[in-house]
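Written below as structure tokens is the structure these notes are about.
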Amino acid sequence: MPSLFVIQGRNRGARFDLPPNAAAVSIGREAGNMIQLDDHEISRRHAEIRRVGDALVVGDLKSSNGTWVNDVRVDRAELGSGDRVRVGRTVFVFARDGDDPAAFAAVDILPTTSTGDGSRIVRTMREDDSIVLAAPEESQNRWLAKARSNLQVMYRTALAVSHTLDIDELLDRVLQLVFEWVEADRGCIMLLDPETREPRIKARRDRRAGEPATMQISRTILDYVLDRHEGVLTSDAQDDDRFASGNSVVRTGVREAICVPMRGRYDTVGVIYVDTTVPLIQAADEGQRRFSDDHLKLMIAIGHQAALAIEDTTYYSAMVQSERLAATGQAIATLSHHIKNILQGIRGGSYLVEMGLDNDDLGVLRKGWDIVRRNQDKISSLVMDMLSFSKEREPDPAPCDLAAVIDDIVETVQQRADELGATVHWRPQAGMPPLLFDAAGISRAILNVVTNALDAVEGRPHSVVTITAGIDDDSQVARVTVADNGAGMTPETLAAIFNLFVSTKGSKGTGLGLTVSRKILREHGGDIHASSRLGEGSTFVLEFPLRVADASSSPVDLDGPGTPPPGHAP
């Protein structure tokens with residue numbers, strides 16, 4: 001099984017296995033931690049390792065000295081084999097199942113010290129300054145010079161096509177590179193229409209400034225390249241036997257031109273075409289032609305790389321669009337189903353209200369109104385969750401009494417608890433000072449968790465929901481704990497409860513509440529953690545950074561804007 005191997009600290013040499021059935025493994029100096037360390041520089045509950053799907057994630061529990069993975073301070077980080085986790089003066093090496101942690105421990109990276117480690121940097125080099133890829137100088141070895149030149153072109157092409165997901169920008173970069181290397185007067189890139197398979201101009205470049213003249217491309221050459229998937233180099237197309245029957249060759253008077261297919265993994269996506277406007281006889285008088293076989297070979301390679309990038313960009317865009325549509329469809333289906341259930345409740349309650357009014361029956365009238373009121377609270381809560389999740393919000397901290405906020409929440413849920421026959425125990429820490437936090441946001445986050453706890457104990461004998469709150473000076477956090485004695489959750493369910501639209505309540509839940517609570521806590525710089533045992537219940541711990549209000553500050557008005565009146569969901 002996965003394990004942590006201590007390579008530095010008082011517990012050096014100790015090995016701690018991470019059981020697969022444990023949802024979370026805590027690390028700290030208290031006896032209650034699964035990994036207890038003899039290290040006075042770590043907090044009582046310093047960090048925890050939680051299983052998320054197939055991955056193991058280390059999370060800092062707002063410790064004083066922080067949690068470090070590979071010398072980078074983290075709040076949460078997925079662990080891979082060989083990663084080094086440092087808490088206080090203790091350093092672990094993480095090993096997955098089947099790996100030997102001692103092998104990872106045998107490789108050490110020296111820390112930076114004031115005296116240095118004896119290493120001296122002799123030379124630095126950027127990726128575009130590589131000696132092998134630099135532009136070739138005069139050399140007796142012409143083969144090596146040509147190889148360097150070709151390698152430079154391909155390397156720069158690879159960089160160009162890998163640094164953008166915009167197809168138009170990608171094509172412009174490719175043409176720019178081609179013009180830097182080939183003495184072409186004109187060039188263009190054509191992509192095939194996915195439906196008609198007709199080539200369409202997507203990018204064009206002219207070496208001479210000014211208004212570009214009409215560019216005529218031989219359809220005969222274009223069809224040859226697309227049908228045979230071969231690149232073409234011509235110095236006089238009219239005299240080339242391959243195009244002897246091509247009328248478009250005669251009409252355009254093509255002299256020097258290169259046309260290559262852009263062929264990817266699956267199909268040809270287009271062509272790259274460059275030509276010259278100088279007549280062939282003039283080029284011959286000047287002593288040499290501009291295009292050669294080497295140009296054709298590299299143009300074919302460039303076309304292939306560009307085609308791969310276009311395919312990747314196209315499939316990536318399609319995948320993003322598909323995921324966006326799927327997420328939208330899931331959201332609409334989930335929320336529509338939940339709203340339909342609420343409306344059915346309101347319709348049923350309204351029917352009882354009408355019956356009570358018609359028969360002058362106050363008992364039936366009250367019963368119907370209670371149903372309408374409860375469903376009204378549900379729709380209000382749903383709308384607030386949707387608003388909280390859909391937009392980024394900067395918390396507006398103000399001096400506030402955390403105990404008073406929870407007092408209001410307990411009063412809000414008391415009627416629901418009475419209906420379930422559940423007891424709500426609420427215990428604040430004595431002498432807790434006013435704190436700085438966003439009262440409306442934290443109230444929303446706690447209310448969602450308390451409401452879930454009441455739903456979890458529905459139908460359970462002697463059902464109890466316990467709420468505690470206080471401050472932890474060691475970890476410098478304010479902490480609210482909500483525990484219930486409900487049915488509990490399996491490790492698989494526990495790992496997924498914070499995912500959007502994941503609900504343990506079946507058709508009764510939206511799967512928004514816990515997601516919104518976590519979002520609010522993280523906006524405050526805190527987080528929410530959960531633990532559960534099947535058949536015994538669940539515990540949720542909400543934490544946010546401890547900021548004590550100044551003595552001169554006035555607490556916020558809890559009945560002011562943004563905080564609901566008692567008996568109504570925020």
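The values are calculated or read from the model by the stated rules, or taken from the named source; none is laboratory data. Note that the structure is predicted; figures quoted are calculated from it, not measured. So basically every Cβ, Gly included, is an ideal-geometry build from the backbone, and we count neighbours across all protein chains shown. Accessible surface is based on the protein model in full, side chains and every heavy atom, while ligands, DNA and RNA are left aside. Shrake-Rupley method; radii C 1.70, N 1.55, O 1.52, S 1.80 Å.
The set of residues in the range 76-97 being closer than 21 Å to HIS40 by Cα, open to solvent by 20 Å² or more (accessible area, probe 1.4 Å) and outside any strand (DSSP E or B) consists of ARG89 alone. Just for the range 198-226: of the residues that are over 22 Å from GLN305 (Cβ atoms) and basic (Lys, Arg), which one is most open to solvent (accessible area, probe 1.4 Å)? By that ranking, first place goes to ARG208. Look at the range 187-211: where a residue is farther than 17 Å from ASP275 by Cα and a partner is at pLDDT 85 or above and open to solvent by 80 Å² or more (accessible area, probe 1.4 Å), sitting 6+ places away or on another chain with Cβ atoms under 8 Å, you get LEU191/ARG200; LEU191/LYS202; LEU192/ARG200; ASP193/ARG200. In a residue-by-residue description of the range 475-486, the property of being within 22 Å of LYS519 (Cα to Cα), open to solvent by 60 Å² or more (accessible area, probe 1.4 Å), in contact (Cβ under 8 Å) with a residue 60 or more places away in the chain and not in a strand (DSSP E or B) applies to at least one position.
Considering only residues that are part of a loop (DSSP other than H, G, I, E, B) and of a type in the set (A, V, I, L, M, F, W, C), which ones fall in the range 4-47? Outline the logic, then answer.
To start, the set of residues in the range 4-47 that are part of a loop (DSSP other than H, G, I, E, B) comprises 9-14, 18-23, 29-34, 37-46.
The answer is ALA14, LEU18, ALA22, ALA23, ALA31, MET34, LEU37, ILE42.
Taking the range 348-371 as the range and being open to solvent by less than 100 Å² (accessible area, probe 1.4 Å) and at positive phi as the test, no residue passes. Note on the range 22-32: residues that are open to solvent by 10 Å² or more (accessible area, probe 1.4 Å), modelled with pLDDT of 85 or more and not hydrophobic (A, V, I, L, M, F, W, C) total 3. Selection of the range 417-432 for residues being open to solvent by 40 Å² or more (accessible area, probe 1.4 Å) and out of contact with any Gly (no Cβ under 6 Å at 6 or more places or on another chain) yields ASP418, GLU419, GLY421, THR423, HIS425, TRP426, ARG427, PRO428, ALA430, GLY431. With respect to SER64, determine if the residue is out of contact with any Leu (no Cβ under 6 Å at 6 or more places or on another chain) and within 24 Å of GLY526 (Cβ to Cβ). Yes.
The test for being more than 19 Å from ALA530 (Cα to Cα) and β-branched (Val, Ile, Thr) holds for ILE409. Residue count for the range 449-462 under the criterion of being open to solvent by 10 Å² or more (accessible area, probe 1.4 Å) and assigned to a helix (DSSP H, G or I): the result is 4. For the range 42-75, the set of residues classified as free of Cβ contacts under 8 Å to residues at least 24 places away in the same chain, open to solvent by 20 Å² or more (accessible area, probe 1.4 Å) and at positive phi consists of ASN70 only.
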